[in-house]
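Have a look at the structure below, then the notes.
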Amino acid sequence: MYFSRKLGFNLSFEYFISKKTLKSVVQGKKVSKPIVRISIISIALAVIVNLITIAVVTGFQQEVRQKISGFGSHAFIMSASENTVYESEAIHAEQEFLKEIKNNKDIKSVYGIGYKPVLFQSEKNEIHYKLPNGKDTSEINQQVNGAMIKGVGPEYNLDFFKENLIEGKLPNYSSASSDQHILISKKISNDLGYQVNDTVSAFFVKNVPIKRNFIVVGIYETGLEEFDKKTVLGKLSIVQELNDWGIKANIELADTMLNGQLIIEANVVGGNGHHRYDWGLGYETYARFTHCPIKDTTFRLIASDYWNNIEGRNEVNTIADTAYLKIKVDGTGYSPCDFKMNNLDEIERTYLNGDGSKFSIQASQKTLTFEFTSGNGSSHNYIGGFEIMVNDWEKLDDVVKNTARLTDFIPTKFDEMLKTTSIRENQNEIFVWLEFLDINVVIILTLMILIGIINMGSALLVLILIRSNFIGMMKAMGATNWSIRKIFLIQATFLISRGMIWGNLIGLGLCFLQSYFGIFTLNPEVYYLSEVPIELSFTNWAVLNVATLFVCVVALIIPSIVITRINPVKAIKFN
């Protein structure tokens, strides 16, 4: 008999026999039936566990990665002397390498940002309680919470915060009226009792600690509590000013006099604190001088800093700022500096506008009008660093490598030394932890497939042993050992496929329920997320199924060797 010929529909002899005898295999003898069912169930469980494992771990890694990137960026360019993006030394906002970086097709966006530590203070709350002796008492309770204001400009992409916004609105930092607007997290809101549209008090550590008021325009919640509790979104220009980046120049008039003359002085902040002043005759170290106006006069102040020499030769100095003072003299009188004083022996001023930058003082029969124009400051020329977002996470290493070629330890035109770091470096602990999850996945997948192989192998051996008579007859009719092994392997493939179908139905169903209904929750303080995430791509699903089927079938080739040891004479005689 020629058993290797093709039958109808182009089906092989082995496949035909396997299909015809499959029902008897599944519903066979009392010995084989439970074993076959157990093997099918084990394959189904392996598929279920592996599907859920891949979906959860992939979802967890992707969710945490996206949220961390949303709070920060995929890559960061900062001063080479710093180790953290949160306390980076200021660098110039205009860099020659920016154009080339932005032309990189793998880079989605590049923008400057800055950070500033802040202490938020809650409103005072009076708490009433009873003492052990029964007497009523009360005390004032006021909470303080430390956070980090992330200063961003109008070009900053707010999509991440938009997705996680739960109350209020997003700040519009392209508007001049948004200087005081901040976006806070639900965690900070709960801890300090802040609500949308509340005016909150914030304290900043500088040479002299200062207090600023901000308005809460929106509240977000990401579930990444470690970052929620410390990240506040604010306007970049405010952070630049609070960090004393650049120079801010002002001219002031002292309240007292010296030798019958006015004292005009410079009030300069920022830079390295070692300031120099140009009143029109070149830089000098004197911040004040006396003056007795007898005619209309305009003073100009250019302020900068220096390190070793007043001219700033061969030094990197902060960009200068310019302020003005206009003095207008009206009236007559011999003694223009005989000014009217108040009860505190200070020059009495009559303010002519709301911000105090314009006022007049009386001197005998003369009226002097002072109009101060503060410098715009050069803080807008400085940032904490550049955030880079990539289009494809898989190309992050290439983007960082290419960007580093343009920036790392190459002196800029401002003699700055910069470096490029990736999010994996800036958040190293979290990403090391996420990478350990890959090891867990490999271990779980391996164990579950091994369990399936062992159970399937056991079932195959039982099927072979209880059908030894069938094997003997096939051999007696001329079938080769490999043809008979193929029959049993095809039947095993049918059983594995049945288990995989059930496993996929149950596994995908559980993933669907978790994805849409969030049945299983997590502690965000421990896991950074509030619920178990699910992410299963078609590629991962297909690879898992194909690999499972392939590995199990190949592994069953070994136990099928027992068929070659069966003697047809003894097998038929045994029957």
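The values are calculated or read from the model by the stated rules, or taken from the named source; none is laboratory data. Since we're looking at a predicted model, the values are computed, not measured. We place every Cβ from the backbone using ideal geometry, glycine too, and count neighbours over all the protein chains shown.
Do we have Ile561 as surrounded by fewer than 17 Cβ atoms within 10 Å (Cβ to Cβ), part of a helix (DSSP H, G or I), more than 34 Å from the chain's Cα centre (by Cα) and modelled with pLDDT of 85 or more here? The answer is no for Ile561. Looking at the stretch 98-113, which of its residues are assigned to a helix (DSSP H, G or I) and surrounded by 18 or more Cβ atoms within 10 Å (Cβ to Cβ)? Across the stretch 98-113, the qualifying residue is only Ile101. Taken over the stretch 504-527, the criterion of being out of contact with any Ser or Thr (no Cβ under 9 Å at 6 or more places or on another chain) and surrounded by 16 or more Cβ atoms within 10 Å (Cβ to Cβ) is satisfied by Asn504, Ile506, Gly507, Leu508, Leu510, Cys511, Gln514, Ser515, Tyr527.
Restricting to the stretch 260-301, give me the number of residues that are over 21 Å from Lys328 (Cα atoms) and either assigned by TED's automatic domain parsing to the domain that holds Lys206 or not hydroxyl-bearing (Ser, Thr, Tyr) (or both). Final tally of qualifying residues: 15.
Counting the residues of the stretch 303-331 that are within 14 Å of Val268 (Cβ to Cβ) and part of a loop (DSSP other than H, G, I, E, B) gives 5. When Val268 is tested against (1) closer than 29 Å to His92 by Cβ; (2) aliphatic (A, V, I, L, M); (3) surrounded by 16 or more Cβ atoms within 10 Å (Cβ to Cβ); (4) modelled with pLDDT under 90, just one condition goes unmet, and that condition is (4). In the stretch 464-487, the condition of being modelled with pLDDT under 75, surrounded by fewer than 17 Cβ atoms within 10 Å (Cβ to Cβ), part of a loop (DSSP other than H, G, I, E, B) and not aliphatic (A, V, I, L, M) is met by at least one residue. Candidates in the stretch 67-89 are the residues that are modelled with pLDDT of 90 or more and assigned to a loop (DSSP other than H, G, I, E, B); of these, the one that is farthest from the chain's Cα centre (by Cα) is His74.
Tell me yes or no: at least one residue of the stretch 366-384 is within 24 Å of the chain's Cα centre (by Cα), assigned by TED's automatic domain parsing to the domain that holds Tyr86, of a type outside the set (Lys, Arg) and exposed (fewer than 13 other Cβ atoms within 10 Å of the Cβ). Among the residues of the stretch 366-384, not one is within 24 Å of the chain's Cα centre (by Cα), assigned by TED's automatic domain parsing to the domain that holds Tyr86, of a type outside the set (Lys, Arg) and exposed (fewer than 13 other Cβ atoms within 10 Å of the Cβ), which makes the answer no.
A count restricted to the stretch 502-528 and to residues that are in contact (Cβ under 8 Å) with a residue 40 or more places away in the chain and of a type in the set (Val, Ile, Thr) stands at 1. Inspection of the stretch 330-344 finds a residue satisfying the criterion of being touching a Ser or Thr at 6+ places or on another chain (Cβ under 8 Å) and crowded, with 18+ Cβ neighbours inside 10 Å. Taking residues in the stretch 70-89 that are touching a residue at least 24 places away in the same chain (Cβ under 8 Å), and partners anywhere that are surrounded by fewer than 17 Cβ atoms within 10 Å (Cβ to Cβ) and β-branched (Val, Ile, Thr), the pairs with Cβ atoms closer than 9 Å and at least 6 places apart or on different chains are Met78/Thr84. Taking Arg300, is it of a type in the set (Lys, Arg), free of Cβ contacts under 8 Å to residues at least 60 places away in the same chain and not in a strand (DSSP E or B)? No, not satisfied.
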